[in-house]
Amino acid sequence: MKTVNFFEQKLLNKYDTSGPRYTSYPTALEFSDNFSNDELIRAGQSSSTKELSLYLHIPFCHSLCYYCGCNKIVTRHTAKADIYLDNLEKEILSRAQTFGTRSIRQLHLGGGTPSFLSHAQLSRLIANLRNNFSFAKDIEMSIEVDPREIELELADHLASIGFNRLSIGVQDTNQKVQKAINRPQSTEFIQSLIKRAKLVGFTSVNIDLIYGLPHQTKETFSQTLDDVINKLNADRISLFSYAHMPKVFAAQRKIRDEWMPSTDDKFALMKLAIETLSANGYEFIGMDHFAKPTDELAKAQQNAELHRNFQGYTTKGDCDLLGLGVSAISSVDDVYSQNVKTLKDYYQQIDNQGHAVVKGRRLSQDDKIRRLVINQLMCNLYLDKKSVEQEFKINFEQYFADDIRSLSPFINDGLLKNTAENINVSPRARLLIRNICMSFDAYLKNHLNQQRFSRVI
Ligand code: SF4
């Protein structure tokens with residue numbers, strides 16, 4: 001891994017474009033209002049999968065990070081979370097009628113900021129879930145925490161109610177960068193939090209980093225990486241690219257254009273991060289994650305068992321995913337569905353109907369075939385054509401004749417090999433895997449304005 005050159009400038013320039021991140025196929029842009037809650041229920045009843053992942057969205061944050069493009073509500077009033085939990089519990093009760101007997105193998109609290117919830121609110125939520133769902137003995141329970149506004153004792157409390165995985169938004173440890181994004185935080189506190197979490201039984205700690213933030217330079221980001229590797233010693237690292245779009249996200253208007261690294265500098269930051277993490281024992285997972293070789297995510301990649309869902313890379317892709325809370329997305333059998341995006345609509349719809357589904361999509365046979373192909377390539381850089389043929393009773397070469405033709409530039413550039421049995425993507429093309437998957441996307445031609453997607457590099 002360390003010797004692979006991911007950064008051949010000529011190739012990266014050639015394939016520099018915007019494209020989906022493929023946390024789902026079809027992407028959320030294809031969800032339609034012409035979708036009903038009954039379709040989600042029917043999918044839940046007919047799914048052959050007996051296991052379930054739960055995602056709960058907690059939309060509140062104590063303060064606004066200026067880079068943020070998430071669906072969140074910034075407030076100091078923690079009592080607002082009580083009203084939210086009242087409604088969330090109604091949704092849980094209603095979903096338990098369909099999914100309550102499934103074995104829950106994975107539970108993830110995301111946001112917003114799940115650590116906005118008080119100890120009592122967290123206990124209340126988990127107790128409610130345990131009353132309504134059946135938790136597997138080896139359940140993975142993970143939570144995103146904002147290292148500001150919390151005490152070390154949070155780790156003890158989370159462990160006592162069953163959490164065993166922690167994800168911490170660090171982004172950058174440099175104070176000037178933190179000030180510019182309105183996210184001042186202490187690296188020493190994060191270090192103590194991780195130590196405490198490991199002590200009380202957490203088995204994995206993930207850290208989020210962002211490159212391309214204001215005032216970041218190779219020197220400052222090098223120090224951030226050094227902090228993450230040597231002080232924080234995280235098991236997993238998610239490395240995200242900051243997309244500066246002040247016209248779309250009002251908060252980003254607080255970040256002045258002249259503070260931003262140039263495109264070349266941003267690319268250098270990404271390169272620095274990938275090279276530094278790889279040289280320090282982390283395996284490059286998918287296109288934006290890193291994990292220690294002993295971590296389950298790295299093992300899943302080694303065994304070609306990695307999956308991708310709305311939260312990114314996962315080892316539990318064989319489970320249906322049920323999303324609960326405002327804006328949450330579900331992926332159940334051959335259906336995707338999404339809840340309403342505003343709190344007002346969420347409360348109203350839960351009150352009136354007991355659910356908050358607003359749109360979704362039932363996958364066609366073609367969607368399902370392409371979903372498998374794209375998922376395999378995104379996760380494992382490899383596709384076994386025979387397995388697709390057997391599962392869907394198709395002739396791969398005939399079915400994908402046009403798509404395979406569009407792979408020619410990648411083949412000519414030595415970025416993949418297409419044989420009668422498989423498609424094998426070169427490790428050199430890891431950063432271009434979205435481009436390769438775009439060849440199999442039947443909807444892209446409908447999105448001539450690809451600026452709706454993020455840049456591939
Ligand atoms: S980055 Fe996270 S903590 Fe900051 S405003 Fe956005 S959702 Fe909230």
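Return the FRET efficiency for the residue pair residue 175, residue 233: r is the Cβ-Cβ distance, R0 is 25 Å, and the value is rounded to the nearest 0.05.
0.70
By how many nm would the segment from residue 156 to residue 74 lengthen if fully extended, with 0.36 nm per residue of separation less the alpha-carbon distance?
26.9 nm
Is there a pair in 90/137; 50/137; 247/359; 50/316; 72/344 whose C-alpha atoms are over 19 Å apart, and which pairs would that be?
Check vs 19 Å cut-off fails for 90/137; 247/359.
To the nearest 20 debye, what charge dipole does the stretch 27-322 have about its Cα centre, counting +1 at the Cβ of each Lys and Arg and -1 at the Cβ of each Asp and Glu?
About 400 debye.
Please work out how much length the chain gains when fully extended from residue 138 to residue 63, using 0.36 nm per residue of separation minus the C-alpha to C-alpha distance, in nm with one decimal.
23.5 nm
So which aspartates and glutamates can residue 198 reach, going by Cα to Cα under 12 Å and dropping same-chain residues fewer than 8 places off?
156, 235
What is the set of long-range amide H partners of residue 335 at a cut-off below 5 Å, with H atoms built 1.01 Å from backbone N?
The answer is 363.
Between residue 46 and residue 192, what's the calculated FRET efficiency when r is the beta-carbon distance and R0 is 35 Å? Round to 0.05.
0.15
Round to a whole angstrom and tell me the spacing of the C-alpha centers of the stretch 403-449 and the stretch 253-296.
What the calculation gives is 23 Å, centre to centre.
In whole Hz, with x marking every Gly and Pro, tabulate ³J(HN,Hα) for the stretch 60-69 from phi via Karplus 6.51 cos²θ - 1.76 cosθ + 1.60, θ = phi - 60°.
Each residue of the stretch 60-69 in turn: 8, 9, 6, 8, 8, 8, 5, 7, 6, x Hz.
Where the centre of each part is set by its Cα atoms, how far does the stretch 335-389 sit from the stretch 170-206, in angstrom?
The distance from the Cα centre of the stretch 335-389 to that of the stretch 170-206 comes to 32 Å.
To make sure I understand the rule: partners must be lysines, Cα under 22 Å from the Cα of residue 271, and not fewer than 8 residues away in the same chain. Which ones qualify?
List returned: 2, 10, 14, 176, 218, 231, 292.
So which trypsin sites (Lys or Arg not before Pro) in the stretch 324-384 end up in coil per DSSP with only 16 or fewer other C-beta atoms within 10 Å?
Here the sparse-neighbourhood loop sites are 341.
So what is the 222 nm mean residue ellipticity for the chain from helices alone, if each DSSP H run of at least 4 adds -39500 (n - 2.57) and you divide by all residues, rounding to the nearest 500 deg cm²/dmol?
Helix-only estimate at 222 nm: -10500 deg cm²/dmol.
When the Cα centres of the stretch 45-76 and the stretch 80-121 are compared, how far apart do they sit, in Å?
Result: 10 Å between the Cα centres.
Taking the Cβ-Cβ separation of residue 208 and residue 386 as r and a Förster radius of 51 Å, what is the calculated FRET efficiency to the nearest 0.05?
It comes to 0.85.
Note the full-extension length gain between residue 101 and residue 258 as 0.36 nm times their separation in residues minus their Cα-Cα distance, in nm to one decimal.
51.0 nm
Once the dipole of the chain is set up with Lys and Arg at +1 and Asp and Glu at -1 on Cβ about the Cα centre, which of 248, 381, 337 lies farthest towards its positive end?
Going by the Cα projections, it comes out as 248.
Just so you know, all these numbers are worked out from the coordinates, no wet-lab data involved. What you see is a predicted model; the values in this text were computed from it and never measured. Cβ sites come from the backbone with ideal geometry, for glycine too, and all protein chains shown count toward neighbours.
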